[in-house]
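Student: Handing you a structure now.
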Amino acid sequence: MLTVRDLLHAGDLPGATAAYEGSLLPESEAPFAEEQRFVFDVSLRESLLARGTATELLRFAAVHPYDEAVLEQAVARATPTDPEHHEAVARLDLARRP
């Protein structure tokens, strides 16, 4: 996870997204783990929402499949004829289902 943070701080969003394998210690309830998990996830998410490509947004959504804002941006940033656009539309539809 330090690599993800370091890459984000260096402005390497594609590298940070590729290095992100999921939330830090997702089963841990230790306060430090919860705080760091929140910081890493939110930092990457906000960076992606600000300037991520459809590919990067979909990679993040693979870990966070119900994040509608991320999926909406993936739909918006993919070319309508691109397979990523169709995938993003389908995944957004799934995320919105009750």
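Student: With the requirement that a residue be more than 19 Å from Leu57 (Cα to Cα) and either among the hydrophobic types (A, V, I, L, M, F, W, C) or part of a helix (DSSP H, G or I) (or both), what does region 17-34 give you?
Tutor: So the first thing to find is which residues in region 17-34 are more than 19 Å from Leu57 (Cα to Cα), and the list is 25-34.
Matches in region 17-34: Leu25, Ala30, Pro31, Phe32, Ala33, Glu34.
Student: Next up: Tally up the residues in region 28-66 that are closer than 14 Å to Pro14 by Cα and aromatic (Phe, Trp, Tyr), please.
Tutor: Number satisfying all stated conditions: 1.
Student: Looking at region 17-25, can you tell me whether even one residue there is modelled with pLDDT of 95 or more and closer than 21 Å to Thr79 by Cα?
Tutor: Within region 17-25 (the criterion being modelled with pLDDT of 95 or more and closer than 21 Å to Thr79 by Cα), the answer is yes, since at least one residue qualifies.
Student: Starting from residues that are aromatic (Phe, Trp, Tyr) and surrounded by 13 or more Cβ atoms within 10 Å (Cβ to Cβ), keep the ones in region 1-43 and report whichever is nearest to Ala54 (Cα to Cα).
Tutor: That would be Tyr20.
Student: Then there's this: Collect the residues in region 67-98 that are under 26 Å from His9 (Cα atoms) and either touching a residue at least 24 places away in the same chain (Cβ under 8 Å) or touching a Leu at 6+ places or on another chain (Cβ under 7 Å) (or both), keeping them in residue-number order.
Tutor: Listed by number, the residues that qualify are Asp67, Glu68, Ala69, Val70, Leu71, Glu72, Gln73, Ala74, Arg77, Ala78.
Student: Considering only residues that are modelled with pLDDT of 95 or more, more than 12 Å from Ser43 (Cβ to Cβ) and part of a helix (DSSP H, G or I), which ones fall in region 1-16?
Tutor: Pro14, Gly15 - these are the residues of region 1-16 that are modelled with pLDDT of 95 or more, more than 12 Å from Ser43 (Cβ to Cβ) and part of a helix (DSSP H, G or I).
Student: Looking only at region 21-37, count every residue that is more than 18 Å from Thr3 (Cβ to Cβ) and either touching a Phe, Trp or Tyr at 6+ places or on another chain (Cβ under 7 Å) or aromatic (Phe, Trp, Tyr) (or both) and tell me the total.
Tutor: Qualifying residue count, region 21-37: 1.
Student: Let me ask something else about it. Select from region 49-98 the residues that are over 24 Å from Phe38 (Cα atoms) and surrounded by 13 or more Cβ atoms within 10 Å (Cβ to Cβ) and list them in ascending order.
Tutor: Residues satisfying the conditions are Val75, Arg77, Ala78, Asp82, Glu84, His85, His86, Glu87, Ala88, Val89.
The values are calculated or read from the model by the stated rules, or taken from the named source; none is laboratory data. Worth saying up front: this structure is predicted, and the values here are computed from it rather than measured. Note: ideal-geometry Cβ built from the backbone for every residue, glycine included; neighbour counts use all protein chains shown.
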